[in-house]
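The values are calculated or read from the model by the stated rules, or taken from the named source; none is laboratory data. It should be emphasised that the depicted structure is a prediction, and the values quoted were computed from it without experimental measurement. Note that each Cβ is placed from the backbone with ideal geometry, even for glycine, and that neighbours are counted across all protein chains shown. Protein only, heavy atoms only, side chains kept; ligands, DNA and RNA dropped before computing areas. Shrake-Rupley method; radii C 1.70, N 1.55, O 1.52, S 1.80 Å.
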Amino acid sequence: MWTMIGAAAAGYLLLLARSAWKQGEMRQFLRSLAIVVALCGLVAGTVLLAMLLDSR
C-alpha cells in the first residue's frame, strides 16, 4: 500500500517538474520542493523528539 502511495507521489512530482521545466520555472520548483522537504523534516524531528522524551 505504501509503495503505491509513494509511487503516485513520485509520479506527481515528476509531472510537476516537467511542467516547471517547460515553463522555465525549474528554480522556483526546486526551491519550493526544498522548503516542503525541510518542513517535513522539522515535523518528523519534532515527533521523534516527543517520542524520545515520552519514553523516559
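Here are some notes:
- Selection of first residues in region 2-22 that are within 17 Å of ALA34 (Cβ to Cβ) and of second residues that are aromatic (Phe, Trp, Tyr), restricted to Cβ pairs under 9 Å at least 6 apart or on distinct chains, gives the following pairs, ordered by first then second residue: LEU16/PHE29; ALA17/PHE29; ALA20/PHE29; TRP21/PHE29.
- Checked against (1) open to solvent by less than 100 Å² (accessible area, probe 1.4 Å); (2) over 13 Å from the mean Cα position of the chain (by Cα); (3) not β-branched (Val, Ile, Thr), ALA9 meets all criteria but (2).
- For region 16-30, the set of residues classified as part of a helix (DSSP H, G or I) and either surrounded by 10 or more Cβ atoms within 10 Å (Cβ to Cβ) or touching a strand residue (DSSP E or B) at 6+ places or on another chain (Cβ under 8 Å) (or both) consists of LEU16, ALA17, ARG18, SER19, ALA20, TRP21, GLN23, MET26, GLN28, PHE29, LEU30, listed by residue number.
- ARG56 meets the stated requirement of being exposed (fewer than 10 other Cβ atoms within 10 Å of the Cβ) and outside any helix (DSSP H, G or I).
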